[in-house]
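This is the structure I have questions about; it appears just below.
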Amino acid sequence: MEKPLALGIIGHPIGHTLSPIMHTVAAAYHGIELSYSAYDVKPENLSRAIDGIYTLSIDGINVTVPHKMAVMEFLDHVDDEAKIIGAVNTITREKGKLVGHNTDAYGFITSLKENAGVDPKGKWTVVYGAGGAARAIVIGLAMAGAERITIVNRTESKAVRLAVDAVQVAPDTTTQVAGADTNKLFESVSTADIIINATSVGMGAGGESLPGVERINENHLVADIVYSSSKTELLKQAEKAGARTLDGLWMLIHQGAAAFRLWTGKSFPVDQVREALVSKF
Ligand code: ATR
């Protein structure tokens, strides 16, 4: 009998992950026997966890916060897209070697195209954040031909580094950094086609908000990478202003779809997966 496909996710903390549900639904859809486990790995144990994946012949692993960047040094190879993004969220086993990939950029761009009906090619965009998720989104937008990307981040040096990296990937894309409460920020938000929150602001009831979002209007598509059972504050505000909105659940599903394709070569039943996730909220 063929051994079931052994997959999983490492992160810390890991309690809230929706990945086991997604991959179990997709495997059942194709009649694939699968075990998908969530492993809580403390940062100091990351190297040993990767050794374990290697020696226990686990077929594939998702990587989440806080390991996406740190894991890269323990892998045999990291593909070019993950290298430029600077983060790995999916590990495959190829001829015994562990290879790192990043499917977050694909996940976001696919959600934009398929679920919001917006092609970022030629568009003006504002991205809040410069962490792992924002890096994937900005590099994804640049590779997809966005004309202008304005990056806004609390720590400006990270925004500057990301702006430089994005132009390396796509020299035709104009990138700029705007600080909070500056005319450049207000002008960028007012004239943008797409506004994206890729920070963790708005996840909780912290009362924090993003600078410049009061300029959102009915011409905007507003996307939030955060997903929850109810709309985030940003998306509620955007809706009130007449903007179209896109929640982070579709990005999560499409990044999972790309990981599943890398592991199995098969498609993801995205609507069934979304239905299963929504019923768990
Ligand atoms: P992820 O991998 O989910 O992107 P991350 O790399 O820790 O996580 O990045 C979190 C992002 O949210 C960063 O852009 C961070 O800003 P800094 O680079 O200045 O840390 C942003 N962020 C988190 N908390 C924030 C807050 N209270 N106000 C503004 N930005 C915040």
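Would you confirm whether any residue within segment 258-265 is among the aromatic types (F, W, Y), within 16 Å of the chain's Cα centre (by Cα) and within 17 Å of A136 (Cα to Cα)?
no
Also: Tell me yes or no: at least one residue of segment 216-234 is within 16 Å of the ligand (Cβ to nearest atom) and more than 17 Å from D247 (Cα to Cα).
There is no residue in segment 216-234 that is within 16 Å of the ligand (Cβ to nearest atom) and more than 17 Å from D247 (Cα to Cα).
The rows are residues; the columns are (1) hydrophobic (A, V, I, L, M, F, W, C); (2) within 21 Å of Y227 (Cβ to Cβ).
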| residue | (1), (2) |
| --- | --- |
| V25 | yes, yes |
| G31 | no, no |
| P66 | no, yes |
| L75 | yes, no |
| T90 | no, yes |
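What number of residues within segment 210-236 satisfy the criterion of being closer than 26 Å to L18 by Cα and in a loop (DSSP other than H, G, I, E, B)?
Residues in segment 210-236 being closer than 26 Å to L18 by Cα and in a loop (DSSP other than H, G, I, E, B): 8 in total.
Oh, and also: Please state which one of A192, A243, A198, A238 is small (G, A, S), within 15 Å of the ligand (Cβ to nearest atom) and either in contact (Cβ under 8 Å) with a residue 60 or more places away in the chain or farther than 19 Å from G107 by Cα (or both).
Every option except A198 fails the conditions.
When both residues are 6+ apart or on different chains and their Cβ atoms are under 7 Å apart, which pairs have a first residue that lies in segment 148-168 and is touching a residue at least 24 places away in the same chain (Cβ under 8 Å), and a second that is part of a helix (DSSP H, G or I) and more than 14 Å from the ligand (Cβ to nearest atom)?
Between residues of segment 148-168 that are touching a residue at least 24 places away in the same chain (Cβ under 8 Å) and residues that are part of a helix (DSSP H, G or I) and more than 14 Å from the ligand (Cβ to nearest atom), the close pairs are I149/L141; I149/A142; I149/A166; T150/S188; D165/I84; A166/A142.
While we're on this one: Having 1 or more residues that are within 16 Å of the ligand (Cβ to nearest atom) is the bar; report the strands (runs of 3 or more DSSP E) wholly within segment 30-124 that clear it.
Filter on segment 30-124 gives 60-63, 90-94, 97-101.
While we're looking at this one, here's another question. In segment 58-74, is there at least one residue being over 15 Å from the mean Cα position of the chain (by Cα), loosely packed, with under 14 Cβ neighbours inside 10 Å and not charged (D, E, K, R)?
No: zero hits.
Looking only at segment 261-279, which residues are farther than 27 Å from I58 by Cα and either surrounded by 14 or more Cβ atoms within 10 Å (Cβ to Cβ) or touching a residue at least 24 places away in the same chain (Cβ under 8 Å) (or both)?
Across segment 261-279, the qualifying residue is only V278.
Another question, if that's okay. Determine if segment 41-49 includes at least one residue that is aliphatic (A, V, I, L, M) and within 15 Å of the chain's Cα centre (by Cα).
No: segment 41-49 contains no residue that is aliphatic (A, V, I, L, M) and within 15 Å of the chain's Cα centre (by Cα).
Since every read-out is calculated from the coordinates, none of them should be taken as a lab result. Remember, it's a predicted structure, so these values are computed and weren't measured experimentally. A quick note on method: Cβ atoms are made from the backbone with ideal geometry, for glycine too, and the neighbour counts reach across all protein chains shown.
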